[in-house]
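One structure is given below, encoded as C-alpha cells.
The values are calculated or read from the model by the stated rules, or taken from the named source; none is laboratory data. Everything numeric here is computed off the predicted structure, so don't read it as measured data. Note that we place each Cβ from the backbone using ideal geometry, even for glycine, and neighbour counts take in every protein chain shown. Calculation scope for accessible area: heavy atoms of the full protein, side chains included, ligands and nucleic acids excluded. Shrake-Rupley method; radii C 1.70, N 1.55, O 1.52, S 1.80 Å.
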Amino acid sequence: MIITIASLKGGVGKTTTAFHVAAYLQSLANTVLVDGDPNRSAIAWSKQTTSPSFKVISEKQLPKYGSQFAHIVIDTQARPSNEDFADLVDTSDLLVLPSPPTFLDLQALVETTEVLTSIGCKKHKVLLTKVPTNTGSTDERDAREFLEEQSIPVFKGRIRFYKAYEKAALNGTPVNLVKGDRNAAIAWADYKTVIEEALEEVYASGKV
C-alpha cells in the first residue's frame, strides 16, 4: 500500500501526518516513510532517537529499499508540480491532503484539489489538521461546510492541535510514545481514527 501526504502549502501538518500514518501502519506490517521534502523534516524527526519505530529514507533511497516494505508512506515537498502530482496519483493508493481549518489554508487546498481533478484523480481526501481544541471554536464546522459546498471529500475524523506533537518531534517518536503528557493519548487516538477510516476506504475500493 502506498499512501501519499501532499499539499501546495507548508505548515499544514504534512510531515506530522506522514510520520503518524507510518507509525500506525508499522504496527500492521513493515513500513517505510519516504521523505520527499527538501527540508528533510521527517528524517530529522526520526534521528532524534537511536531506536526509531520504522525506517525513514529519502526519495533517492527508495529504489534500494522500497521492495522490502509492505507499506510506503510518502511525505512530499510543500509544492509538488503538476507533473509530480500526476506521478503521485499514478503510484499511490490514497492521497491525504492535510489542511488547518483557516481561510488561507483552505484556499490553498482548493488549488490542490483543482490540480488533482484536472488529472483525473479520484483517490484524494482532505484531513483537517491543527483543529482548535477549545469547545467554542467553529473553525472545524465552518471548514467542513466550505468543503461540502466545494464537493471536496474530507475525512470524518480530524487532528486537533496539541503540544504533545512538539514533544514527540523532540523525542524522535510518534505521539503515542510521549510520556508525561495527558493529551498524548488523545492526539494518537485522533490519528488512529483517521488512519482506520483511510484503510477502510482503500480496502473497500479494491485499490490494494
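Name, by its number, the condition in (1) surrounded by fewer than 23 Cβ atoms within 10 Å (Cβ to Cβ); (2) in contact with a Pro (Cβ under 7 Å, 6 or more places away or on another chain); (3) among the hydrophobic types (A, V, I, L, M, F, W, C) that does not hold for MET1.
(2)
What are the pairs, 6+ residues apart or on separate chains, where a residue within segment 59-81 that is within 14 Å of GLY36 (Cβ to Cβ) has its Cβ under 9 Å from a residue that is of a type in the set (Phe, Trp, Tyr) and surrounded by 17 or more Cβ atoms within 10 Å (Cβ to Cβ)?
Pairs found: VAL73/PHE19; VAL73/PHE54; ASP75/PHE19; THR76/PHE85.
Looking at segment 110-153, which of its residues are under 21 Å from ILE5 (Cβ atoms) and polar (S, T, N, Q)?
Passing the criteria: THR112, THR113, THR117, SER118, THR129, GLN150.
Could you identify the single residue in TYR203, TYR191 that is hydroxyl-bearing (Ser, Thr, Tyr), at pLDDT 95 or above and under 23 Å from LEU33 (Cα atoms)? Break it down stepwise before answering.
Numbers: TYR203 fails: at pLDDT 95 or above.
Among TYR203, TYR191, only TYR191 is hydroxyl-bearing (Ser, Thr, Tyr), at pLDDT 95 or above and under 23 Å from LEU33 (Cα atoms).
Just the residues that are open to solvent by 80 Å² or more (accessible area, probe 1.4 Å) and out of contact with any Lys or Arg (no Cβ under 9 Å at 6 or more places or on another chain), please, taken from segment 144-191.
Within segment 144-191, GLU145, GLU148, GLU149, GLN150, SER151, LYS156, LYS163, GLU166, LEU170, LEU177, ARG182 qualify.
Examine segment 139-149 for a residue that is within 30 Å of GLN48 (Cβ to Cβ) and in contact (Cβ under 8 Å) with a residue 12 or more places away in the chain, and state whether such a residue exists. Before you say what the answer is, go through the steps one by one.
Pass one, segment 139-149, residues within 30 Å of GLN48 (Cβ to Cβ): none.
Taking every residue of segment 139-149 in turn, none turns out to be within 30 Å of GLN48 (Cβ to Cβ) and in contact (Cβ under 8 Å) with a residue 12 or more places away in the chain.
If you go through segment 60-92 one residue at a time, how many are in contact with a strand residue (DSSP E or B) (Cβ under 9 Å, 6 or more places away or on another chain), over 25 Å from ASN171 (Cβ atoms) and of a type in the set (D, E, K, R)?
To start, the set of residues in segment 60-92 that are in contact with a strand residue (DSSP E or B) (Cβ under 9 Å, 6 or more places away or on another chain) comprises 61-62, 64-66, 68-76, 85, 88-89, 91-92.
In the following step, the residues that additionally are over 25 Å from ASN171 (Cβ atoms) were identified as 62, 64, 66, 68, 70, 85, 88-89, 91-92.
Add one more test, that the residue is of a type in the set (D, E, K, R), and what stays is 64.
So the count comes out to 1.
Which of the helices (runs of 4 or more DSSP H) found entirely inside segment 122-208 contain at least 2 residues meeting this: of a type in the set (S, T, N, Q) and closer than 20 Å to LEU25 by Cα? Write out each step before concluding.
On the way: elements: 139-149, 164-171, 184-205.
By residue number, 184-205.
Can you tell me which condition SER7 does not meet? The list is (1) assigned to a helix (DSSP H, G or I); (2) closer than 24 Å to ASP190 by Cβ; (3) in contact (Cβ under 8 Å) with a residue 12 or more places away in the chain, and all the others hold.
Every listed condition holds for SER7 apart from (1).
How about segment 26-48: which of its residues are within 15 Å of SER7 (Cα to Cα) and in contact (Cβ under 8 Å) with a residue 40 or more places away in the chain?
Selection gives ASP35, GLY36, ASP37.
Got a sec? Which helices (runs of 4 or more DSSP H) wholly within segment 12-103 have at least 1 residues that are loosely packed, with under 13 Cβ neighbours inside 10 Å?
Details: elements: 14-26, 41-46, 62-65, 82-91.
Of the helices (runs of 4 or more DSSP H) lying wholly inside segment 12-103, those with at least 1 residues that are loosely packed, with under 13 Cβ neighbours inside 10 Å span 62-65, 82-91.
Among the residues of segment 81-101, what is the count of those that are touching a helix residue (DSSP H, G or I) at 6+ places or on another chain (Cβ under 7 Å) and not hydrophobic (A, V, I, L, M, F, W, C)?
Going through segment 81-101 one residue at a time, the tally reaches 5.
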